[in-house]
Amino acid sequence: MIPIYHGLSPLAGRYDAFIVDLWGVVHDGVRAFPEAVDCLARLHRRGTRILILSNAPRRAAEVAARSAAIGLPPHLCDFTVSSGEETWRDLAEHRAGARCYHLGPARDLGMRDGLAYAFVDDMAAADFILNTGALAAEDTAEIYDPLLRPAAARGVPMVCANPDLEVIRGNKREICAGAIAARYEAMGGAVRYHGKPHPGIYRTCFALLAGIPGPRIAAIGDSLRTDIAGAAAAGIDALFVTGGLQGAELGVDPGGNADPARLAALCAAAGVRPTAALPALRW
């Protein structure tokens, strides 16, 4: 069975740094969770380093500003790393073609700033696709089939700035860029991903946490597919928040508590084993 703790306090002394997911762990896209903010404040007072690692398809500064706006005090976070930032830096340093078709909502337009590409409105003119997510909250991945099938047939590569399949905003599930990218791959399209669980973003994190040995770093997240698998592949401990994204699969109670047998079965099916589980990020 996977060890289950009521909160982080029994584990905090084992680590000098935490790599913390945002959505479902610190906030729900609408408001920060008071228990999570309190927990981060306690870690901050202990001198523990806090690195926020988000699969948000936006620049890191935008992610930090949005987190602050919904209730996460900026001084509690030593660093903010995002899949959007990793994507932007890669596109800035390595040419992906001259013309880009950007598939994503208006809130992601900041991803274009400073990039020397021609952003086109006609997919037929694109050399590559920048995928930051669905245009509308209610969209499904299938909606984009008529747009993407000709591009896949033409061999247009896609750059995915968020590998997540879905997110819970408030109390409603929405698809993410990863769901569209997975469908594109199923059509035969080639996709390059940035973000969890892929190794590049963990190298960025470890560079920022230089001097702290791997056994003294733990990741905290609510997705077995990205947070827990990514941490395991990077060689660090992982703490799984059961009351987040996968709470419905676990049948958690209102406090986020999961049945130990059901938790073990879900992790076994996913092929990952977290170091421990918590109902929520709380002390």
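Values quoted throughout were computed directly from the atomic coordinates according to the rules given, and no laboratory measurement underlies them. Model, not experiment: these values are computed from the prediction. Neighbour counts run over all protein chains shown; Cβ positions are idealised from the backbone, glycine included.
For His194, the residues whose modelled amide H falls within less than 5 Å of its own, excluding neighbours fewer than 5 places apart on the same chain, are Cys160, Asn162.
Here the 3J(HN,Hα) profile of the range 93-110, calculated from phi with Karplus coefficients 6.51, -1.76 and 1.60 at θ = phi - 60°, is 9, 10, 5, 10, x, 8, 10, 10, 9, 9, 9, x, x, 4, 5, 9, 5, x Hz, Gly and Pro shown as x.
Principal axis analysis of the Cα atoms in the range 96-193 yields extents of 40, 31, 21 Å, listed in decreasing size.
Placing +1 on the Cβ of each Lys and Arg and -1 on the Cβ of each Asp and Glu in the chain, which of Ala232, Tyr144, Ala96 has its Cα farthest towards the positive end of the resulting dipole? Working it through, the farthest residue towards the positive pole turns out to be Ala232.
Computed from Cα positions, the angle between helix 145-154 and the longest principal axis of the chain comes to roughly 70 degrees.
How big is the charge dipole of the chain about its Cα centre, in debye rounded to the nearest 20, if each Lys and Arg gets +1 on its Cβ and each Asp and Glu gets -1 on its Cβ?
600
Could you please report the charge total around His102, scoring K, R as +1 and D, E as -1 over all other residues with beta-carbon less than 10 angstrom from its beta-carbon? Write out the running numbers ahead of the final one.
On the way: positive: Arg112; negative: Asp108, Asp121.
My count for the surroundings of His102 gives -1.
Could you calculate the FRET efficiency of Asp122 with Arg192 from 1/(1 + (r/R0)^6), where r is the beta carbon distance between them and R0 is 30 Å, rounded to 0.05? About 0.85, to the nearest 0.05. The three principal axes of the C-alpha atoms in the chain carry coordinate ranges of 56, 37, 32 Å, sorted with the longest axis first. Amide H contacts for Ala17 (H built 1.01 Å from N in the peptide plane; partners 5 or more residues away or on another chain; cut-off under 5 Å): Arg49, Ala218. Local charge sum around Ile212 (other residues, Cβ-Cβ under 15 Å, Lys/Arg +1, Asp/Glu -1)? Computed value for this residue: +2.
Under a 5 Å amide H cut-off, with hydrogens placed 1.01 Å from N, Phe119 pairs with Cys100 among residues at least 5 apart or on other chains. Volume per residue for the range 203-283 equals 91 cubic angstrom (convex hull of Cα atoms).
Remark: Ile50, Ile201 ranked as Ile50, Ile201, counting other beta-carbon atoms within 10 Å and listing the fewest first.
With respect to the chain, whose longest principal axis is taken over its alpha-carbon atoms, helix 60-69 is tilted by about 60°.
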